[in-house]
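Take a look at the structure below.
Taken together, the values in this text are just the output of simple stated rules run on the coordinates, not laboratory data. Since we're looking at a predicted model, the values are computed, not measured. Here the Cβ positions follow ideal geometry from the backbone for every residue, glycine too, while neighbour counts run over all protein chains shown.
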Amino acid sequence: MTQLFTRKEIEERNRKDNAAIIIDNVVYDVTKFLEDHPGGAEVLLENAGKDASRCFRDVGHSDDAKLWRGEFKIGEVVKEEQREVICQDASASSGENELTLRGFLEVWFPPTAFAVIAILAYVYLL
Ligand code: HEM
């Protein structure tokens with residue numbers, strides 16, 4: 001069963017030997033991750049005890065980072081104190097694929113259409 005925490009309980013976990021952060025209503029114990037974090041221990045300690053969703057999102061963490069954070073999950077914020085989810089999950093990134101496909105079509109549709117018209121014009125005119 002998922003352990004539930006109030007935001008007040010997490011606020012107290014703001015030290016090097018007991019550091020927890022909240023990202024998208026999920027609570028992570030990052031005490032053992034401080035030294036391994038590629039972005040450095042300092043930024044995690046500054047956010048320890050707090051909701052770090054915005055910071056995590058603004059850094060533009062990779063999908064690998066989003067998967068990695070799962071290793072440190074210890075629970076979730078109680079229902080009454082949950083906030084809007086702002087960093088998408090690595091596993092829920094189908095929207096990004098859709099964008100990539102659209103981007104692909106946007107790049108390739110004009111030259112392909114031009115080539116088809118040029119071939120048709122060549123066939124009919126000559
Ligand atoms: C458990 C949570 C976290 C994990 C697993 C994690 C993981 C990572 C990883 C793997 C990177 C390397 C770049 C990438 O792959 O995206 C990174 C960079 C970074 N992270 Fe985190 N991170 C976490 C939380 C945070 C939080 C809460 C903040 C901000 C408050 C933060 C700030 C940064 C910064 C500033 C960098 C350096 C970005 C750069 O050099 O361009 N991280 N993190």
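Numbers at a glance
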read-out: Label-reachable residues, segment 18-33, where backbone N falls under 14 Å from a point 7 Å from residue 12's Cα toward its Cβ; value: 18-20
read-out: Neighbour net charge for residue 18 - beta-carbon separation under 12 angstrom, K R +1, D E -1; value: -1
read-out: For residue 74, residues with placed amide H under 5 Å, excluding near neighbours; value: 27, 28, 29
read-out: Kirkwood Rh, angstrom, the chain [1 / mean 1/r, Cα pairs]; value: 17.4 Å
